[in-house]
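A.B. asks: Structure below; questions to follow.
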Amino acid sequence: MSIRYTDSSEMRLSEKLWQVNWLMIMLLCFVATIGFAMLYSAAHGNFEPWATQQMIRFTVGVVILLAAAVVDIRFWLRSAYAFYFLSLSLLVAMEIFGASGSGAQRWIEIGFFQFQPSEIMKVFLVLALARYFHGTDSKNIEKSIYLVVPLAMTAVPAILVLRQPDLGTAAMLILISSVMFFLAGVRIWKLTLLSLGALAAIPVGWQFLHEYQKKRLLVFLDPESDPLGAGYHIIQSKIALGSGGIFGKGFLLGSQSHLNFLPERQTDFVFTMLAEEFGFVGAFFLIGLYMLLVVYGFSIALKSRSHFGRLVALGLTTTFFLYFFINIAMVMGLIPVAGVPLPLVSYGGTAMLTLMFSFGIITGVYVHRNQRISQYQTGQME
């Protein structure tokens, strides 16, 4: 006979670990293993310089996931604003101390370690918005005045990220917030007005972009207009995608990637390399794994008895969905090149650890799914 806890403080650590959704973690390991194989292939059959480091990062990420999973969700509720302002402070600090790369200032260096504050902002923005909407009565959400604070919470980090400039991440922050607004019960017509306002601000955002980013946007509809410049990435990506066919050319046999025609094959365009080597079948298989993780995230949200838990699980799962949707659409030429990595597959430390942290919080929502939280006494029992 299973014991059903209504207060997670009654659960011991071993009992919380028993409640962890291990099948979802196995899916994460499976996707990450595909990533290791692709990074091995990107290095022409070598574990260095990418695969080994990615394995180490993923191992650390699993530890972070389990640590976050056993934390009472009331802790995230109480600390949501503090973590949000901490990550916002890091974005401000990056304006002063940030390291530059590829024409943009996106990293903060601490000794030998680099990390992107914009990545962790994606998580803490979800937590902060979830706390705000958790403590706001459904009737008040219909009043425009109650949307000023969450709009400011979204606009400030989005503007700071756009100044780096990082158009892809800024767009993701806005999309994530839009989904959170919708999940909280904001009317569609208000979201439409907000979207129109965002479109009206495009000329302002255009001023923050570098010339190479402006060229990417201008050649989006016609890459052939600059085949050796701004259109080169997407042209080579489409060639590699098409050459893979149904079943692909075989592992380590991709010509576009291994002859160095495909740029950034270990990061932004790793999906293209996978599709070239394993074809439509391999690409569709990876997308299927991603969708399984999305289904798990949504099912966890529906099982949560707290409004905060539901919002957090839905928001972080949507963030994960946006990662792979934007990346795949980007390499297929459906949207402009935005520099968004393929989750758990692209090489990168901050994105990997941030995603594992996100899944740790989602898992924590599942572990503490029976926890009831008062709307007005944040972090307290009903």
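A.B. asks: Out of LEU162, LEU90, report the one residue that is touching a strand residue (DSSP E or B) at 6+ places or on another chain (Cβ under 7 Å) and modelled with pLDDT under 95. Before you say what the answer is, go through the steps one by one.
C.D. replies: Numbers: LEU162 fails: touching a strand residue (DSSP E or B) at 6+ places or on another chain (Cβ under 7 Å).
Exactly one residue qualifies, and that residue is LEU90.
A.B. asks: Sticking with this structure for a sec: With the requirement that a residue be under 22 Å from the mean Cα position of the chain (by Cα) and either crowded, with 17+ Cβ neighbours inside 10 Å or farther than 25 Å from LEU17 by Cα (or both), what does region 67-78 give you?
C.D. replies: ALA68, ALA69, VAL70, VAL71, ILE73, TRP76, LEU77, listed by residue number.
A.B. asks: Follow-up. What's the number of the condition HIS258 fails, among (1) modelled with pLDDT under 95; (2) under 30 Å from ILE373 (Cα atoms)?
C.D. replies: Just one mismatch for HIS258, condition (2).
A.B. asks: Which of (1) assigned to a helix (DSSP H, G or I); (2) under 23 Å from GLN207 (Cα atoms); (3) not hydrophobic (A, V, I, L, M, F, W, C) is the odd one out, the single condition LYS122 does not satisfy?
C.D. replies: Failed condition: (2).
A.B. asks: Taking region 148-160 only, how many residues are closer than 18 Å to PHE124 by Cα and either among the hydrophobic types (A, V, I, L, M, F, W, C) or surrounded by fewer than 12 Cβ atoms within 10 Å (Cβ to Cβ) (or both)? If you could, list the steps in order and put the result at the bottom.
C.D. replies: Of region 148-160, the ones closer than 18 Å to PHE124 by Cα are 149-160.
From the residues that got through so far, the ones that are either among the hydrophobic types (A, V, I, L, M, F, W, C) or surrounded by fewer than 12 Cβ atoms within 10 Å (Cβ to Cβ) (or both) too are 149, 151-153, 155-156, 158-160.
The total comes to 9.
A.B. asks: Give PHE271, PHE278, PHE308, PHE251 a once-over and let me know the one that is without any contact (Cβ under 8 Å) to a residue 40 or more places away in the chain and aromatic (Phe, Trp, Tyr). First the steps, then the outcome.
C.D. replies: Values: PHE271 fails: without any contact (Cβ under 8 Å) to a residue 40 or more places away in the chain; PHE308 fails: without any contact (Cβ under 8 Å) to a residue 40 or more places away in the chain; PHE251 fails: without any contact (Cβ under 8 Å) to a residue 40 or more places away in the chain.
Only one candidate qualifies: PHE278.
A.B. asks: Another question, if that's okay. Could you list all residues from region 267-281 that are more than 16 Å from ALA32 (Cα to Cα) and among the polar types (S, T, N, Q)?
C.D. replies: Listed by number, the list holds a single entry, THR272.
A.B. asks: Restricting to helices (runs of 4 or more DSSP H) lying wholly in region 204-312: which have 3 or more residues that are touching a Lys or Arg at 6+ places or on another chain (Cβ under 8 Å)?
C.D. replies: Details: elements: 211-218, 232-243, 255-258, 270-303.
Output list reads 270-303.
Listed here are the residues, each with its yes/no results for (1) in contact (Cβ under 8 Å) with a residue 60 or more places away in the chain; (2) β-branched (Val, Ile, Thr).
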| residue | (1), (2) |
| --- | --- |
| LEU293 | yes, no |
| GLY297 | yes, no |
| ASN327 | no, no |
| TYR347 | yes, no |
| THR354 | yes, yes |
| ILE361 | yes, yes |
| ASN370 | yes, no |
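A.B. asks: Can you report the number of residues in region 37-56 which are surrounded by 19 or more Cβ atoms within 10 Å (Cβ to Cβ) and assigned to a helix (DSSP H, G or I)? Spell out how you get there, then give the answer.
C.D. replies: Looking only at region 37-56, we keep the residues that are surrounded by 19 or more Cβ atoms within 10 Å (Cβ to Cβ), and these are 38-42, 50-51, 54.
Among the residues that remain, those that are also assigned to a helix (DSSP H, G or I) are: 38-42, 51, 54.
Selection size over region 37-56: 7.
A.B. asks: Might you let me know whether region 284-303 holds any residue that is crowded, with 20+ Cβ neighbours inside 10 Å and touching a Pro at 6+ places or on another chain (Cβ under 6 Å)?
C.D. replies: Filtering region 284-303 for residues crowded, with 20+ Cβ neighbours inside 10 Å gives 286, 290, 293, 296-297, 300-301.
In the following step, the residues that additionally are touching a Pro at 6+ places or on another chain (Cβ under 6 Å) were identified as none.
No; the residues of region 284-303 include none that is crowded, with 20+ Cβ neighbours inside 10 Å and touching a Pro at 6+ places or on another chain (Cβ under 6 Å).
A.B. asks: Just for region 313-338: of the residues that are more than 20 Å from LYS122 (Cα to Cα) and not in a helix (DSSP H, G or I), which one is modelled with the highest pLDDT?
C.D. replies: Only one residue tops the list, namely MET332.
The values are calculated or read from the model by the stated rules, or taken from the named source; none is laboratory data. What you see is a predicted model, and the numbers here were worked out from it, not measured in a lab. For neighbour counting, all protein chains shown are included, and Cβ atoms are generated from backbone atoms with ideal geometry for every residue, glycine included.
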